[in-house]
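Reading through the structure tokens given below for one structure.
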Amino acid sequence: MLERTFCMIKPDALARGLKDQILGRIKEDGFNIIKEKELKMGRTDAQKLYAVHQGKSFYAGLVNFITSGPAYLMALEREDAVLELRKLMGATDPRQAAPGTLRSDFKEDNIFNSEGIMKNVIHGSDSVENAKYEISIFF
Ligand code: IDP
Ligand code: MG
């Protein structure tokens, strides 16, 4: 089904100058960019985006990380967008991500930042419902 998902090129990837390469891979994979903007996220929006992780040990660090610098935010559209973006991204831990996925291909030697947060270059919604919610936060 034609579907939309929320995608974010995370601050670690923007700081490394990977935006255009990652955008190229997303477009090659058949996604259309419906909405896009670069944004240094405020803490309130970061807390909304990661509300599901509230209470976990890495929650505070995750909010610090995602607000630490500009990110590139998008609403993407294609057939089965949610699942297909998750496939293109690969596993959460870049060390477990399959070769050919973005999280594997752009993996750093040290995947953890100073607060122990996993740097994995990209975010994608994990369900159609969450995609709608996440798009509504930023667009
Ligand atoms: P996802 O990004 O693949 O959906 P989530 O479990 O939703 O993974 O976690 C959100 C983000 O939090 C991850 O992308 C990663 O940056 C970070 N993260 C997840 N689990 C851990 C952890 O165990 N330690 C440190 N950071 C983590
Ligand atoms: Mg998630």
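The values are calculated or read from the model by the stated rules, or taken from the named source; none is laboratory data. This structure is a prediction, so every number in the text was calculated from the model and none was measured. Cβ placement follows ideal geometry from the backbone for every residue including glycine, while neighbour counts extend to all protein chains displayed. All accessible areas refer to the heavy atoms of the entire protein, side chains included, with ligands and DNA or RNA removed. Shrake-Rupley method; radii C 1.70, N 1.55, O 1.52, S 1.80 Å.
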ask   = Among the listed residues THR92, THR101, which satisfies the condition of being modelled with pLDDT of 95 or more, of a type in the set (S, T, N, Q) and within 17 Å of ASN130 (Cβ to Cβ)?
value = THR92
query = Which one is surrounded by the fewest Cβ atoms within 10 Å (Cβ to Cβ) among residues in region 103-118 that are in a loop (DSSP other than H, G, I, E, B) and within 7 Å of ligand 1 (Cβ to nearest atom)?
reply = GLY116
task = All but one of (1) within 17 Å of GLU36 (Cα to Cα); (2) assigned to a helix (DSSP H, G or I) hold for MET74, so report the exception by its number.
result = (2)
request  = Return the total of residues in region 1-50 being hydrophobic (A, V, I, L, M, F, W, C) and exposed (fewer than 12 other Cβ atoms within 10 Å of the Cβ).
outcome  = 2
request  = Report, by residue number, each residue of region 93-128 that is within 19 Å of GLY17 (Cα to Cα) and among the polar types (S, T, N, Q).
outcome  = THR101, SER104, ASN110, ASN113, ASN120
task = Pairs only if they're at least six apart or on different chains, beta carbon under 7 angstrom, first in region 53-64 and closer than 16 Å to THR92 by Cα and in a loop (DSSP other than H, G, I, E, B), second open to solvent by less than 80 Å² (accessible area, probe 1.4 Å) and at pLDDT 95 or above; list them, first residue then second.
result = PHE58/GLY116; PHE58/ILE117
inquiry  = List the residue pairs whose Cβ atoms are under 6 Å apart, where the first residue sits in region 86-103 and is closer than 20 Å to LYS27 by Cα, the second is away from ligand 2 (no atom under 15 Å from the Cβ) and of a type in the set (A, V, I, L, M, F, W, C), and the two are 6 or more positions apart or on different chains.
reply    = GLY90/ALA98
message = Can you confirm whether ARG16 is over 20 Å from GLU134 (Cα atoms), at pLDDT 95 or above and within 16 Å of ligand 1 (Cβ to nearest atom)?
response = yes
Region 114-129 residues that are farther than 16 Å from ARG86 by Cα and within 11 Å of ligand 2 (Cβ to nearest atom), paired with ones that are open to solvent by 60 Å² or more (accessible area, probe 1.4 Å) and among the polar types (S, T, N, Q) (beta carbon under 7 Å, 6 or more apart) = none
task = Identify, by number, the condition in (1) open to solvent by 30 Å² or more (accessible area, probe 1.4 Å); (2) within 16 Å of ligand 2 (Cβ to nearest atom) that SER68 doesn't meet.
result = (2)
remark   = Within region 93-102, of all residues that are in a loop (DSSP other than H, G, I, E, B) and open to solvent by less than 20 Å² (accessible area, probe 1.4 Å), the one nearest to ALA81 (Cα to Cα) is THR101
